[in-house]
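S.K.: Just passing along the structure, written as structure tokens.
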Amino acid sequence: MRSTRMSGIAAVAAAGILLAGCGDDGTTGGSEGGGDKDITWWVMKGTNANAKTFYDDVKAAYKKKTGGTLTVSEVEWADAHDRLVRAFAGGDGPDVSEIGTTWTPEFAAAGGLTDLTDKINKSKLGDDLLPALKDSATHENKQYGVGWYAGTRGIVYRKDVFAKHKITAPKNWAELQQAVKTLKAKEPKMLPMPIAGASSYAAAPFIWGAGGGFAEESGGAWKGTLDSPKSQEGLKFYTELATKHGSSSTGASTWKETQLLDSFAQGKAAMVIQGNWTPKTALEQNPSLKGKIGAMPVPGKDSGMAPTFLGGSNLAVLKTSKKPDAAWQLVQLLTTGELAKKWASQTGYFPSTKSGMKPFVNSKDPLVSPFAKAMMEAGKNVPNAPAWGKVESDKTITKMLQSTLTGTPVDKATGTASKEITTTLNAK
């Protein structure tokens, strides 16, 4: 889910010049030396508040399965991309690493990851993986990672406020627009549905829901498609909730998703587009909201659910690992069975497999099952382009969204964004 700073191929080439200075900061690297099953795993810091207990469980499970010792090293998200690039070049990285879904095609194209296609097929794990997560780890029809955990977005709303004004959960865009209008008229002290300009993937359900997209590939070349009529239709509906129907405020045009959540938790917003991992945070911030919060998938244009971005992290085996078979055993342990369920329950994210998702889909918790159903039935990946991370780090989508929220016509804003995406994705 994280963005990158440069394309993987260029970054690896640059790192090759710096081999003499590419050692890590004391973290155990690689798996050269030690037992033939002793391996190292890099995991990103901060996702799991109960990480130490979880790591102990993983180490014990790995020891029981293989007899080997697992060394776990936490890496800051902000440092992870560059540290992995150095690891690809210098060979002193981990055997297994957590890698954001939008990084995986980039690193695969750069030659930094092991092709796991045969192992995944033989294990039958591929049949169980959610399609969008499988796609996120695929490059040129080969799979270089396995989804570890993921999440998606939906609409979190005030059930008590909806009940007060006899508003039912919207089942299509027309009903969503009407809910905004009703809330605007009857709850003047609340924003009906603030639109955060820095929440780029909150716009995705409307772009995809209208039949549009961000980019497409043809003949080996990529083309930005945000300026297509269908993409423009979806973006126009979404931004006009704010600019035409008063769902938002001018200040929200620069908000991040965390500011959306703060607004909701403080009782200043009736609806917000948020990830499935956030309602718990809202209740922690304001316990008085207990029992007053509901969740629903983003409605489709005419009915059903709109596609939503399914983002998270994959687990990959580095090409430099000298123990790829042992590394694969760790990947299997983490992505199936009890360890996968435990990580999901502790973090508020979801597992990556259809079988692992069933308990969440069938959950009686009204703040869990709507998100789980959306992830299972409507989860979608961003364009599977090696340079998509550069689009994210350049904030191309955010700039377009903020531009439309502050008065730029949709056709002009999407034209600029599409040209930028085309240039970025085809850069050598």
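S.K.: Report ³J(HN,Hα) in whole Hz for each residue of segment 198-206, in order, from the Karplus equation J = 6.51 cos²θ - 1.76 cosθ + 1.60 where θ = phi - 60°; Gly and Pro get x.
M.R.: Result, rounded to whole Hz: 9, 9, 4, 7, 6, 7, 4, x, 7.
S.K.: With Kirkwood's inverse mean 1/r over C-alpha pairs for Rh, give me the Rg to Rh ratio of segment 137-281, two decimals please.
M.R.: Looking at segment 137-281, the ratio lands at 1.03.
S.K.: Another one. Find the centroid of the Cα atoms in segment 357-390 and in segment 31-82, then give the distance between the two in whole Å.
M.R.: 26 Å
S.K.: Further, regarding this structure: In Å, what is the Rg of the alpha-carbon atoms in segment 85-148, and how long is Dmax?
M.R.: 11.7, 35
S.K.: With θ set to phi - 60°, apply the Karplus curve 6.51 cos²θ - 1.76 cosθ + 1.60 along segment 328-342 and write out the HN-Hα couplings as whole Hz, x wherever there is a Gly or Pro.
M.R.: My calculation for segment 328-342 gives 5, 4, 5, 4, 4, 4, 6, 9, 9, x, 5, 5, 5, 5, 5 Hz in order.
S.K.: How far apart, in nm, are the 7 Å Cα→Cβ label points at K256 and K244?
M.R.: About 3.2 nm, to one decimal.
S.K.: Modelled label-to-label distance, Q346 and T69, 7 Å Cα→beta-carbon offset: nm?
M.R.: So the two model labels end up 2.1 nm from each other.
S.K.: Can you tell me the FRET efficiency between K122 and T423 if r is taken as the Cβ-Cβ distance and R0 is 35 Å, rounded to the nearest 0.05?
M.R.: Rounded to the nearest 0.05, the efficiency is 0.30.
S.K.: Using the structure shown, select from K37/K354; K65/K358; K280/K301; K142/K412; K186/K354 the pairs with a Cα to Cα distance greater than 32 angstrom.
M.R.: Result: K142/K412; K186/K354 exceed 32 Å.
S.K.: Residues in segment 392-428 near a label at A221, defined as backbone nitrogen under 15 Å from the 7 Å Cα→Cβ point?
M.R.: Residues passing the 15 Å test: 419-428.
S.K.: A further question follows. Using θ = phi - 60° and the Karplus curve 6.51 cos²θ - 1.76 cosθ + 1.60, what whole-Hz ³J(HN,Hα) does each residue of segment 291-301 get, with Gly and Pro shown as x?
M.R.: With the stated coefficients, segment 291-301 comes to x, 9, 9, x, 9, 8, x, 5, x, x, 4 Hz.
S.K.: Okay, next question. Roll a 1.4 angstrom probe over the protein heavy atoms and tell me the percent of accessible area of the chain that is carbon or sulfur.
M.R.: Using a 1.4 Å probe with all protein chains present, the chain comes out at 50 percent carbon and sulfur.
S.K.: Something else now. Between 0 and 90 degrees, rounded to the nearest ten: what's the tilt of helix 8-17 against the longest Cα principal axis of the chain?
M.R.: That helix lies at roughly 40 degrees to the long axis.
S.K.: Separate question: Assigning unit charges at the beta carbon (Lys, Arg +1; Asp, Glu -1) and nothing else, what dipole magnitude in debye, to the nearest 20, does segment 381-423 show about its Cα centre?
M.R.: Using Cβ point charges on Lys, Arg, Asp and Glu, segment 381-423 gives about 60 debye.
S.K.: A follow-up question, please. Using 7 Å Cα-to-Cβ label points, what is the K395/D302 separation (nm, one decimal)?
M.R.: 3.9 nm
S.K.: Using a Förster distance of 35 Å, how high is the FRET efficiency between Q285 and A60, based on the Cβ-Cβ distance and rounded to 0.05?
M.R.: Efficiency, from the Cβ-Cβ distance: 0.50.
S.K.: In straight Cα distance, which aspartates and glutamates are under 14 Å from K341, not counting same-chain residues fewer than 8 positions off?
M.R.: Partners found: D57.
S.K.: How big is D for the chain, in µm² s⁻¹ as a whole number, if Stokes-Einstein is applied with the Kirkwood radius of its Cα pairs at 10 °C and 1.306 mPa s?
M.R.: Stokes-Einstein gives a translational diffusion coefficient of 71 µm²/s.
S.K.: Next question, about the same structure. Computed FRET efficiency, Cβ-Cβ of D115 and D79, R0 45 Å: what is it to the nearest 0.05?
M.R.: 0.95
S.K.: Now for a different question. Using the heavy atoms of the protein chains and a 1.4 angstrom probe, tell me the accessible area per residue for the chain in square angstrom.
M.R.: Ligands and nucleic acids excluded, the result is 42 Å² per residue.
S.K.: What number, in percent, do you get for the relative contact order of the chain if the mean sequence gap of Cα pairs under 8 Å and at least 6 apart is divided by its residue count?
M.R.: 26 percent.
S.K.: Please report, in Å, the Rg and the Dmax of segment 278-378, where both are computed over Cα atoms only.
M.R.: Rg, Dmax (Cα atoms, Å): 16.8, 53.
S.K.: What is the set of long-range amide H partners of V75 at a cut-off below 5 Å, with H atoms built 1.01 Å from backbone N?
M.R.: Sorted by chain and number, the residues that satisfy this are V43, M44, K45.
S.K.: Let me ask you something else. Using a Cα-Cα cut-off of under 20 Å, which aspartates and glutamates could be cross-linked to K390, ignoring same-chain neighbours fewer than 8 residues away?
M.R.: Result set, ordered by chain and number: E76, D79, D82, E98, E106, D135, E140, E216, E217, D227, E420.
The values are calculated or read from the model by the stated rules, or taken from the named source; none is laboratory data. Remember, predicted model here, so these are calculated numbers, not experimental data. Note that each Cβ is placed from the backbone with ideal geometry, even for glycine, and that neighbours are counted across all protein chains shown. Surface areas here come from the heavy atoms of the whole protein model, side chains and all, with no ligands, DNA or RNA. Shrake-Rupley method; radii C 1.70, N 1.55, O 1.52, S 1.80 Å.
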